[in-house]
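Novice: Take a look at the following structure, please.
The values are calculated or read from the model by the stated rules, or taken from the named source; none is laboratory data. Only a predicted model underlies this, so the values are computations on that prediction, with no experimental measurement involved. Note that we place each Cβ from the backbone using ideal geometry, even for glycine, and neighbour counts take in every protein chain shown.
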Amino acid sequence: MVKTFLIALIFGFFIIHTDAQNATSQSIDELISKSKDASISVEERLEFANQSVQVAKKTGKDSLILLANRNLSLMYYYTEDFDKYVSINQKNKNLATKLKDTSALAVASFNLGSYYKYDRQNDSAYFYLSKALKYYSSLKNLEQKSYILMSIADLQYNEKDYTSSEANAIEALRILEKLPKTENNLDNFWILYNRIADISSELEQYQKSIEYHEKALEITKKMNDGFLDGVYTTNNLAFVYRQLGNYDKALELYESLLPQRSQYQDDDPTFYALIINNIAYTKLLSGDVEYDKLLEDFYTAYDISEKYDDEVTKMAVTTDLSKLYLQKEQLDSAYKYAQETYKISKSLSSNEYVLDALMVLSKTKTGEEGKAYLYEHIRLSDSLLNIERNHKNKFARIEFETDKITAEKERISQQRMWLMIASAVLLVTLFLLYIIVTQRSKNKELQFEKDQQKANEEIYNLMLSQQDKVDEARANEKKRISQEIHDGILGRLFGTRLSLDSLNFSEGKEAIQNRSNYIKELKTIEEDIRKISHDLNTDFVSGSGFTDIVSELIDKQTKAYQLEYAFDYDDDISWELVSNKDKINIYRIIQEAMQNIYKHAEASKIKISIASKNNVILVSIEDDGKGFDVNKSKKGIGIKNINSRVNELDGTVDFDSEINKGTVITIKVPYKTNP
Amino acid sequence: MQHIHILMVDDHPIIIEGYQNTLMATKKENQTLVIDTANTCDSANLLLQKSSKERPYDVCFFDISLPPSSDGKITSGEDLAKIARTILPNAKIIILTMFNESYRIHSIVKEINPDGFLIKSDLTSSELAEAFHHILEDPPYYSSTVSNYLKKSVVNEIYVDEINRKILYLLAQGMKTRSLPEHINLSMSAIEKRKKQLKLLFSISDGKDESLIMEARKKGFL
């Protein structure tokens, strides 16, 4: 009854438990989907995402935490909380690494790379993007792959690593070719063609640049929403022609953009300003000296850029203006606009414009001031050149270094593996060795015990046979006495009786004389009986058993060891009353001690005595050998054996040794007579 | 006048003295006793041999337990009695012994068939005198103890042969079974077999030698 209840309880608990887990994962899903609800405010959605992470953390399951975190990362992106965005993506990256979730890893790396690119931390951006590229490659996500390649090409372009940038852009294009021509992909095509055209123009491969710009133009025509891109491309194309010195073509392209103003005015209100500035400057370059007309255009452009607060356009306008004034030799105005360009370009970190401005400035001022601007120009261009040089192979370096780090890591992991294998082998070997050693010592112990047992048995048998001998001697003695009584005493008694009897037949002096003779004879018989009685009373064999064995042992052993010996023993000890175990131990102690003397003492004489005193059996073994240090040699096997045997006897042992004088071992054993 | 030539053999001179005293004191008027004495097998044998050539003994007194002869051929009064029987066919042989064990009595009666058999322990001088005269005229004379033993074992339906009697006797002496082959001309296994038979015969259930001896003694075999 109780049992069933218990089982039910346990079962019930189990169900509740799994339910609880299901419930949590459900609630996480619910919270995530709530946070994706676009109909509520971003703050509320962020709150839901945060809650989902909290719940996930409570489960302690990494996969759930990662799921919630990824959603939260998205929310941070929406709320533009980039610090948290970066940190959560770092966390996700680690979690994904731990869970071996490549797709999450790719997303986190891509997010981080994209953020750093946005934040112009090009090195970090490159690091994460190239990682993301690898993950997406392994996931075979072509779209993302081409997008990342495009981003990397962007980075490299910004760092002036044109060749690598171009290579990546071409790789991205190749992937794009395989993808469906969606609006987005077409846009990417346009970006990439534009990128390659820019690179070519930077490398002064103007024909190639024109070629790619025209390809880009083709793309814009295929796009539904390609107008603006087309306009920009036309502008870029015109710029290339201007660079080439083909001013007519450039002007033609620029001017083709003017009538379309209404179509791009809303999206890019300052673009028109840029166009008229470009036209004016192209005209200036082409040798147009109608300065008033040109100035009018420049100022129109300047006003528009001012009106829309477009610093970039304004910077372009002021540069061109300063150059016009320089050509016109109106140095004050040239100085004024060059200064403005300088200021804006500095604030925008647009080095090329800074250089242009400095060049103009140096020409507007004579003497030291002019020289100072020129020096600044030279310094800046030198440093830029240096940076450029240094940057050239930076990404290759980063890649190489990461490769190196990976290789190093691999090497280390391999090393670690070998180390682990080696230590495992070592451990196993040690373990086996340990087993072998313990087994061997166990065997030894067993063997030792066996030997001990055998030795004990031998001694026991020895004692038994000794007992037999004693018994036999006793029996013989009994027989002898019986015979003596029977043959001697009885015979003589009989003779005497018979003679006395026969004397009854005769009387007289002679008979009295005879009788007294026979009575004397009776007296001698009496004496004999007394003697026999005495013989019977003294048990000549009693107690000789054990001491005989010991004496035989000492005799044999000393003969083998070539030692002189003396053996004293006390007849007062009734060995038959001492237990066999004790006798065996005493025997073994004497044997062990003699062995020790033979092995270590280099003695010539030994003296062994067994005595009893106040209910204690005193065994002493004395030699005249070289002695030993009692304190140091406590651990010797011989001494240990003696100690353990004495312990078994409940006795005490005392080693008394003097160097070069000999050793005395004194053993005291309680004289326990067990009846 | 009746001349009676007598040999007395006993290792105790005082016993011979007792015999002499008794016989001399109780002899008939017409009898002359010529007594030779010997204390050892050797001297006894010598006297026997000599008498067979000169004048044979009429009566020989033999003690059973005697120290053996120097050549070891004669070990007891029994052996002397046997010699006397062969070389002195007319001599009356009287065995006097301390032994009162049934086995020895049997074996002596069987081997020698003596004209007199006396047990020293229950012998008085008058009985000795009576026995002497009885034997001279109408042998044999067995003392009452001897005839009682003989009667008892004749009545007994259990038959125990000579060797088995010896085994019983030796065991009763306290001899160990393993020492028996030294005294009986049989192998150890044969002796063991006989012991088993004996135990069966005396219906000993516990298999102990002690019980066997006790039972044999009760039934008069010892």
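Novice: From the set of residues in the stretch B:1-45 that are within 11 Å of chain A (Cβ to nearest Cβ) and assigned to a loop (DSSP other than H, G, I, E, B), which is surrounded by the fewest Cβ atoms within 10 Å (Cβ to Cβ)? Full working, then the answer.
Specialist: Looking only at the stretch B:1-45, we keep the residues that are within 11 Å of chain A (Cβ to nearest Cβ), and these are B:10-27.
If we keep only those that are assigned to a loop (DSSP other than H, G, I, E, B) as well, we get B:10-12, B:27.
Working: B:Asp10: 27, B:Asp11: 18, B:His12: 19, B:Lys27: 16.
By that ranking, first place goes to B:Lys27.
Novice: I'm trying to understand the selection: among the residues of the stretch A:637-662, which are part of a strand (DSSP E or B) and either under 24 Å from A:Ile573 (Cβ atoms) or free of Cβ contacts under 8 Å to residues at least 24 places away in the same chain (or both)? If you could, list the steps in order and put the result at the bottom.
Specialist: First, the residues of the stretch A:637-662 that are part of a strand (DSSP E or B): A:652-658, A:662.
If the condition is that a residue be part of a strand (DSSP E or B) and either under 24 Å from A:Ile573 (Cβ atoms) or free of Cβ contacts under 8 Å to residues at least 24 places away in the same chain (or both), then A:Thr652, A:Val653, A:Asp654, A:Phe655, A:Asp656 are the ones that fit.
Novice: Here's another thing I want to ask about it. For the stretch B:71-93, name all the residues that are surrounded by 17 or more Cβ atoms within 10 Å (Cβ to Cβ) and either within 14 Å of chain A (Cβ to nearest Cβ) or part of a loop (DSSP other than H, G, I, E, B) (or both). Walk me through it before giving the result.
Specialist: Within the stretch B:71-93, the subset surrounded by 17 or more Cβ atoms within 10 Å (Cβ to Cβ) is B:74, B:76-81, B:83-84, B:88, B:91-93.
Matches in the stretch B:71-93: B:Ile74, B:Ser76, B:Gly77, B:Leu88, B:Ala91.
Novice: Filter the stretch A:492-514 down to the residues that are among the charged types (D, E, K, R), more than 7 Å from chain B (Cβ to nearest Cβ) and surrounded by 12 or more Cβ atoms within 10 Å (Cβ to Cβ) and list them by number.
Specialist: A:Arg497
Novice: Going by what's in this entry, would A:Ile459 be described as within 30 Å of A:Ile519 (Cα to Cα) and more than 10 Å from every other protein chain (Cβ to nearest Cβ)?
Specialist: Values: within 30 Å of A:Ile519 (Cα to Cα): no; more than 10 Å from every other protein chain (Cβ to nearest Cβ): yes.
No.
Let's see how each residue does on (1) surrounded by fewer than 20 Cβ atoms within 10 Å (Cβ to Cβ); (2) modelled with pLDDT of 85 or more; (3) at negative phi:
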{"residue": "A:Val578", "(1), (2), (3)": "yes, no, yes"}
{"residue": "A:Ile586", "(1), (2), (3)": "no, yes, yes"}
{"residue": "A:Val616", "(1), (2), (3)": "yes, yes, yes"}
{"residue": "A:Val619", "(1), (2), (3)": "no, yes, yes"}
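Novice: May I ask you to say which residue of A:Ala125, A:Ala167 is within 24 Å of A:Lys178 (Cα to Cα), free of Cβ contacts under 8 Å to residues at least 60 places away in the same chain and either outside the structural domain of A:Ile199 (by TED's automatic domain parsing) or part of a loop (DSSP other than H, G, I, E, B) (or both)?
Specialist: Details: A:Ala125 fails: within 24 Å of A:Lys178 (Cα to Cα).
Exactly one residue qualifies, and that residue is A:Ala167.
Novice: Please identify the pairs in which a residue from the stretch B:186-198 that is of a type in the set (Val, Ile, Thr) has its Cβ atom under 8 Å from the Cβ atom of a residue that is surrounded by 12 or more Cβ atoms within 10 Å (Cβ to Cβ), counting only partners at least 6 apart or on another chain.
Specialist: B:Ile191/B:Ile167; B:Ile191/B:Thr177; B:Ile191/B:Leu180; B:Ile191/B:Pro181; B:Ile191/B:Ile184
Novice: Conditions: (1) buried (at least 19 other Cβ atoms within 10 Å of the Cβ); (2) touching a Ser or Thr at 6+ places or on another chain (Cβ under 7 Å); (3) not polar (S, T, N, Q). A:Lys208 meets all but one. Number of the miss?
Specialist: (1)
Novice: Looking only at helices (runs of 4 or more DSSP H) that fall completely inside the stretch B:112-185, which ones have 3 or more residues that are over 20 Å from B:Lys219 (Cβ atoms) and of a type in the set (Gly, Ala, Ser)? Quick ask: steps written out before the conclusion?
Specialist: Details: elements: B:125-137, B:144-155, B:162-172.
Correct list: B:125-137.
Novice: Filter the stretch B:46-70 down to residues that are assigned to a loop (DSSP other than H, G, I, E, B) and more than 14 Å from every other protein chain (Cβ to nearest Cβ) and give me whichever is nearest to B:Phe117 (Cα to Cα).
Specialist: Our first condition is that a residue be assigned to a loop (DSSP other than H, G, I, E, B); within the stretch B:46-70, this holds for B:54-58, B:64, B:66-70.
Filter once more, so that each one left must be more than 14 Å from every other protein chain (Cβ to nearest Cβ): B:54-58, B:69-70.
On the way: B:Glu54: 27, B:Arg55: 24, B:Pro56: 21, B:Tyr57: 18, B:Asp58: 16, B:Ser69: 23, B:Ser70: 27 Å.
The residue in question is B:Asp58.
Each row is one residue, and each column tells you yes or no for (1) more than 21 Å from A:Leu192 (Cα to Cα); (2) modelled with pLDDT under 90; (3) surrounded by 15 or more Cβ atoms within 10 Å (Cβ to Cβ).
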residue: A:Thr97; (1), (2), (3): yes, yes, no
residue: A:Lys100; (1), (2), (3): yes, yes, no
residue: A:Ser103; (1), (2), (3): yes, yes, no
residue: A:Ser114; (1), (2), (3): no, yes, yes
residue: A:Arg120; (1), (2), (3): no, yes, no
residue: A:Ser124; (1), (2), (3): yes, yes, yes
residue: A:Ser130; (1), (2), (3): no, yes, yes
residue: A:Leu142; (1), (2), (3): no, yes, no
residue: A:Ile148; (1), (2), (3): no, no, yes
